[in-house]
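The values are calculated or read from the model by the stated rules, or taken from the named source; none is laboratory data. Remember, it's a predicted structure, so these values are computed and weren't measured experimentally. Because the Cβ atoms are built from the backbone with ideal geometry, glycine has one as well, and the counts that use them run over all protein chains shown.
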Amino acid sequence: MQFAAKLNAFIQNTQRLIPALRLVWQSSPRWTILRLLLVTCQGFLPLISIYLVKLLVDALTHRTTISNPQLILQQSTPLLVGVIGVTLITLICKTFSDLVNTAQTQRVSDHMRSILHAKSISIDLAYYENPQYHDTLQRAQQEATTRPNQILTRLAQAGQNGISLVAMVGLLLTLHWGISIILLLAAMPTILVRLRHIRRLYHWQRIWTPVERQSMYFSWLIIGEMFAKEIRLFGLGDLFSQRFDQLRKKIYNAKLQLIIQRSLSFLAAQLVAGMLVGSVYGWIFHQTLDGSLNLGDLVLYHQALQRGQGALKSLTSSLSGLYEDNLFLANLYEFLDLTPTIISPASPKAIPVPMRQGIVLDRVSFSYADSSRQALHDISLSVKPGETIALVGENGSGKTTLIKLLCRLYDPTNGRITVDGMDLRDLNLTELRQQISVIFQDYAKYYLSAQDNIWLGNIHLPPSDSAIVAAAKQSGAHDVITRLPQGYDTMLGKLFNDGEELSIGQWQKVALARAFLRESQVIVLDEPTSAMDPKAEYEVFKTFRELIQDQAAILITHRLSTVRMADRIYVMDSGRIVESGSHDQLMAMQGTYAHLFNTQAQNYVLA
């Protein structure tokens, strides 16, 4: 029963190879066919070569029985030409095989990266807050670009070496049946050692992936632009380098133990194999000395044994490599099998265009995964088309989390969010997000042209659409961009050649333009002017108020002087709404909002 269970598990595990081969075929079918043809050809060439050499040696050794040198030359010349021809064909096949392998490897690598990218785009945002996800992603990235192509390579090598081995074993069987058995027995210790090492390596990688990621993080800190200023100002370079070195030393020592164990085991296996094969060589030479074999037979069987041993060694290496690939493919499939939970329903409802009633949050509560604390608790609010509401509160009060729920990056733990009475979960996810423009506090900086940076807000428009310039003017980015060397064609950031770096406030204006470009029914600004001077901030909000017209607008800011323009203000604290009303109403309450507003006003007066 135990053996049957192990056999069944082995068969199920080997089925991982089939999807991987399917991926290889999808990426490069023509290269795959050409590769298989070359493999078949290369498998038969060694047999033809050694047989021609045997005939050539026989022809030359018979010169003592043939007195006519011209006849010897006539018999040996075609054989010599054949040997040279087979050698040239072998070289040509090898050259083309290398070319095909290189071309296909590139195709497969690019295809697998595209698959990883597609999966990364589709999964939920919640995965990014899970350390186990990052371990899974790290392992998948290590395997994705190499394993599928490696499987085809090793299958091809196994096929080629299998053909050669069968041919050589056939020759050796004509000498003695026991030689083939000894040859197979000689390979067994190496196979067992390889399989044992592969299993250990797989488990080692699973254990040490978090440490590998930590070391990569310190490397990123040291070489990344984002941290360059603080590392120099605070003198952190040596500290981070030491921590990186400590982690790499731990990894090195752990892997060194694995390598030492493997090397000693391989040495023992090779010694056993060497003694067995050596005994066969001794027997062949003894048969030659006895006269049972002529010189041509000696050359034939010597080469057959030598090439058979090489083919068997390569075959076992390929098969154990396939076992390794199959085992490590679990890392890739573990990532590809991740499924998003934030998806469109099977029969989605059409999002209303235009909205009439607006957005309503009805007793919404939310907790992040693996957290017992509620980030939002019993939130109820609404925003109608043409209305502006503001969310204010201290950091960590839940304002940005609320926006993530509105964009359906997460679903509420309790309660529901509706658009014109329809639950967000009943709407098409893509259409919903197309109707929302958001600039988050940690907005993205794209190291692309200024034009592309804005165009990304609405990629359904032509890249050179006049609306891009209009959006830039509305956000105040137009004046910044026109002063750049190539205007809207200027690359932003210093990552690529001829790039121009912007100030934080200028980047913020570009991000605002991206949000303004989007033709949406809801616009959300999360700290949109935190890096702007008061004059620029005033101009932005003046334009913003004129722009929204029939849009529902949500404004998040710490600068309470800017929220007076809102029709309604919600004050949040520890994930709850503690106050709501207009500016005047909230000031009259003399509560949290009034305290925050007066504190800020006092700071301005003192300044």
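Inspect all residues belonging to segment 407-428 and state whether any of them is within 23 Å of LEU560 (Cβ to Cβ), within 33 Å of the chain's Cα centre (by Cα) and assigned by TED's automatic domain parsing to the domain that holds THR557. There is no residue in segment 407-428 that is within 23 Å of LEU560 (Cβ to Cβ), within 33 Å of the chain's Cα centre (by Cα) and assigned by TED's automatic domain parsing to the domain that holds THR557. Filtered by the rule that a residue be among the charged types (D, E, K, R) and surrounded by 17 or more Cβ atoms within 10 Å (Cβ to Cβ), segment 532-554 gives a lone residue, GLU537. Within segment 408-433, the set of residues being more than 21 Å from TYR127 (Cα to Cα) and among the hydroxyl-bearing types (Ser, Thr, Tyr) comprises just one member, THR418.
Counting the residues of segment 221-238 that are part of a helix (DSSP H, G or I) and surrounded by 13 or more Cβ atoms within 10 Å (Cβ to Cβ) gives 6.
Taking the numbered list (1) part of a helix (DSSP H, G or I); (2) exposed (fewer than 13 other Cβ atoms within 10 Å of the Cβ); (3) not β-branched (Val, Ile, Thr) in turn, SER241 passes all entries but (2). Quick one: would you say ARG559 is in contact (Cβ under 8 Å) with a residue 40 or more places away in the chain and closer than 16 Å to THR400 by Cα? Yes.
Listed residues LEU512, LEU547; which is assigned to a helix (DSSP H, G or I), assigned by TED's automatic domain parsing to the domain that holds THR400 and under 27 Å from ARG408 (Cα atoms)? Residue meeting the stated conditions: LEU547.
Residues in segment 81-126 that are among the hydroxyl-bearing types (Ser, Thr, Tyr) and in contact (Cβ under 8 Å) with a residue 40 or more places away in the chain: THR90, SER97, THR105, SER109, SER122. One residue stands out in segment 445-465 among those that are aromatic (Phe, Trp, Tyr) and within 15 Å of ALA515 (Cβ to Cβ): the one that is modelled with the highest pLDDT, namely TRP455. Quick check, is LYS542 free of Cβ contacts under 8 Å to residues at least 12 places away in the same chain, assigned to a helix (DSSP H, G or I) and either within 30 Å of GLU225 (Cβ to Cβ) or under 38 Å from the mean Cα position of the chain (by Cα) (or both)? Considered against the rule, which asks whether it is free of Cβ contacts under 8 Å to residues at least 12 places away in the same chain, assigned to a helix (DSSP H, G or I) and either within 30 Å of GLU225 (Cβ to Cβ) or under 38 Å from the mean Cα position of the chain (by Cα) (or both), LYS542 comes out as no. Restricting attention to segment 174-184, does a residue exist that is assigned by TED's automatic domain parsing to the domain that holds ILE48 and closer than 30 Å to LEU256 by Cβ? No. Against the condition in the same structural domain as GLY398 (by TED's automatic domain parsing) and out of contact with any strand residue (DSSP E or B) (no Cβ under 9 Å at 6 or more places or on another chain), how does GLU537 come out, does it pass? It is true that GLU537 is in the same structural domain as GLY398 (by TED's automatic domain parsing) and out of contact with any strand residue (DSSP E or B) (no Cβ under 9 Å at 6 or more places or on another chain). Within segment 117-133, the set of residues being surrounded by fewer than 16 Cβ atoms within 10 Å (Cβ to Cβ), assigned to a helix (DSSP H, G or I) and not hydroxyl-bearing (Ser, Thr, Tyr) comprises HIS117, ALA118, ILE121, LEU125, GLU129, PRO131, GLN132. Checking the structure you have, find out if any residue of segment 144-160 is under 30 Å from ASP411 (Cα atoms), under 13 Å from the mean Cα position of the chain (by Cα), part of a helix (DSSP H, G or I) and not β-branched (Val, Ile, Thr). Checking segment 144-160: not a single residue is under 30 Å from ASP411 (Cα atoms), under 13 Å from the mean Cα position of the chain (by Cα), part of a helix (DSSP H, G or I) and not β-branched (Val, Ile, Thr).
Among the residues making up segment 425-474, those that are of a type in the set (S, T, N, Q), part of a helix (DSSP H, G or I) and closer than 29 Å to LEU361 by Cα are THR430, GLN434. The number of residues in segment 555-582 being modelled with pLDDT under 90 and either surrounded by 20 or more Cβ atoms within 10 Å (Cβ to Cβ) or of a type in the set (A, V, I, L, M) (or both) comes to 8.
The number of residues in segment 489-514 that are within 10 Å of TYR447 (Cα to Cα) and surrounded by 20 or more Cβ atoms within 10 Å (Cβ to Cβ) comes to 2.
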